[in-house]
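Engineer: One structure, as structure tokens, below. Some questions next.
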Amino acid sequence: MIDFIDTAMQLSRMMSLSGSEYRAEESLVSLFGGYFDEWERDVLGNYIFHKRAATENAPKLMIDAHFDAVGLMVYEVTKEGNLKVVSVGGVDSKVLPAAEVTIHADEDIYGVVMAKPPHLLKGGERTKVISTDELLIDTGYTKDEIADIGVDIGTPVSFRYPPMRLKNGRAVGCAFDDKACVAAGLLAFDMMKESGEESLFDTYFVVSAGEETGMSGAEKAAYKIKPDLALILDVGFASSPDSPEENSVAPLGSGAVVSVSAATSVSLTRRMMKICEREGIKYTVSAEAAGTGSNADRVPLVECGIDAVLLGIPLRSMHTEGEVIDEADGYELAKLVAAVMKDSETEEYYHE
């Protein structure tokens, strides 16, 4: 069986900022290829992996986990050769000063976000949060040299920090939102392959694009697939010493997260909890009220409506270069996804 953390770290190393998911195609398809019957990349950049059911006329199950990550984009090159950038997705500018980055031009080049020394800060500068578009990236190149290697307006920039294992089954890295859930989804298919079991559903695993910049990818994939039900996999907020005590925050190591929301199917959500309890899958419940801030808000609205549920794992320090996950949570989520694929009660319900 594949290792959840190793797979999440492998995915983390793939460059897939929103709008640039295609750059990782060779690596992604190589990782996924042995588990599916066919795949395609659509015009929006979604990767749709299809595993046919063993029987004809099986209901369609869509599993979605987004592949795109937050990052930066060049909008100006100064006369000194420094780069001005804007955020792609919800990057927190507080974590950017002194951050190491990779600029993806004709070749990948190293850069560092410039930071003013604390000795030179004056008055309100000490407490002021600098906006992303005020920051500069230093590469060491001149403006002419930068142009020669293809850096221009629109060039994507990603965090450089490599993923690493921590103690007690945890890992830290970039873009675990939502590549940790991509890894858990793939692990579910690996579990099915290892056990020799077949999915009762005609199953489509959508490794979707554009979630961080408008949640358009999974919605359009759902229009194409027209699934009977959808499992949306996305990370949730992990508790930390300074986090608020809310029902939408779960501790690392607490298992799969099942979201309760007015935006998703109540009956399918209850079914997920029933499967967890029957199969001994560790899980927590997250209250998302009127919306989830994920693809689960959009997929249910496709055509005449799709039964959809949001599942995930806790993640700490979201949208930074230091996102933390726990391997136990990934395995519990994978077990839940695999359990759904072979759940005869769910198959019979959607086969009617």
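The values are calculated or read from the model by the stated rules, or taken from the named source; none is laboratory data. None of the values given here were measured: they were computed from a predicted structure. No Cβ is skipped: glycine too gets one built from the backbone with ideal geometry, and neighbour counts run over all protein chains shown. Heads up: the accessible areas ignore ligands, DNA and RNA and are worked out on the full protein's heavy atoms, side chains in. Shrake-Rupley method; radii C 1.70, N 1.55, O 1.52, S 1.80 Å.
Engineer: Can you tell which of 209, 290, 53 shows the greatest fluctuation in a Gaussian network model of the chain with Cα springs below 10 Å?
Structural biologist: The residue with the greatest mean-square fluctuation here is 290.
Engineer: Here's something else I'd like to know. The chain: longest stretch without exposed trypsin sites (Lys or Arg not before Pro) (DSSP loop, at most 10 other Cβ within 10 Å), sites themselves excluded?
Structural biologist: No qualifying site falls inside 168-352, the longest such stretch.
Engineer: Let me ask another. Mind giving me the FRET efficiency for residue 224 and residue 277? R0 is 30 Å, r the Cβ-Cβ distance, nearest 0.05 is fine.
Structural biologist: 0.30
Engineer: Follow-up question, since we're still on this one. Might you work out the accessible area of residue 138 for me, using a 1.4 Å probe with all protein chains in place, and round it to the nearest 10 Å²?
Structural biologist: Number for this one is 60 Å².
Engineer: Additional query: Can you list the residues of the range 146-171 with backbone N under 19 Å from a point 7 Å past the Cα of residue 6, pointing along Cα to Cβ?
Structural biologist: Taking a point 7 Å out along Cα→Cβ of residue 6, the residues of the range 146-171 whose backbone N falls under 19 Å are 163-171.
Engineer: How far is the Cα center of the range 173-226 from the Cα center of the range 32-82, in Å?
Structural biologist: With the range 173-226 and the range 32-82 each reduced to a Cα centre, they are spaced 8 Å.
Engineer: If you don't mind, another one. So if I place +1 on the C-beta of Lys and Arg and -1 on the C-beta of Asp and Glu, and nothing else carries charge, what would the dipole magnitude of the range 139-263 be about its Cα centre? I want it in debye, nearest 20.
Structural biologist: Roughly 240 debye for the range 139-263.
Engineer: Another question, if that's okay. Leaving out ligands, DNA and RNA, what percent of the accessible area of the chain is carbon and sulfur, probe 1.4 Å?
Structural biologist: Ligands and nucleic acids excluded, carbon and sulfur give 50 percent.
Engineer: Under the rule of -39500 (n - 2.57) per DSSP H run of 4 or more residues, summed and divided by the residues of the chain, what mean residue ellipticity at 222 nm is obtained, to the nearest 500 deg cm²/dmol?
Structural biologist: Roughly -7500 deg cm²/dmol at 222 nm, from the helical runs in the chain.
Engineer: Something else: Checking a compactness column here: for the chain, what do you get for Rg(Cα) / (2.2 N^0.38 Å), N being the number of residues?
Structural biologist: Taking the Cα Rg and dividing by 2.2 N^0.38 Å, one obtains 1.03.
Engineer: Tell me, what is the FRET efficiency for residue 270 and residue 245 to the nearest 0.05, using R0 = 25 angstrom and their Cβ-Cβ distance as r?
Structural biologist: It comes to 0.50.
Engineer: I want to check the label-to-label distance for residue 285 and residue 262. Put each point 7 Å from Cα in the C-beta direction and report it in nm to one decimal.
Structural biologist: Roughly 1.8 nm, to one decimal.
Engineer: Pick from 154, 196, 33: which residue has the top mean-square fluctuation in a GNM of the chain where Cα pairs under 10 Å get a spring?
Structural biologist: 196
Engineer: Could you do me a favour and compute the accessible area per residue for the range 27-173, 1.4 Å probe, result in Å²?
Structural biologist: Per residue, the range 27-173 has an accessible area of 53 Å².
Engineer: While we're on this one: About its Cα centre, what dipole magnitude does the range 213-268 give when the only charges are +1 on Lys and Arg Cβ and -1 on Asp and Glu Cβ, stated in debye to the nearest 20?
Structural biologist: The dipole of the range 213-268 has a size of about 400 debye.
Engineer: Using a Gaussian network model of the chain with C-alpha springs under 10 Å, which one of 76, 145, 211 is most mobile by mean-square fluctuation?
Structural biologist: For the chain, modelled as a Gaussian network with Cα springs under 10 Å, the answer is 145.
Engineer: Solvent-accessible area per residue for the range 298-352 at a 1.4 Å probe radius, Å²?
Structural biologist: 36
Engineer: So for the pair residue 41, residue 25, with labels modelled 7 Å out along Cα→Cβ, what separation do we get in nm?
Structural biologist: Distance between the two pseudo-spin positions: 0.4 nm.
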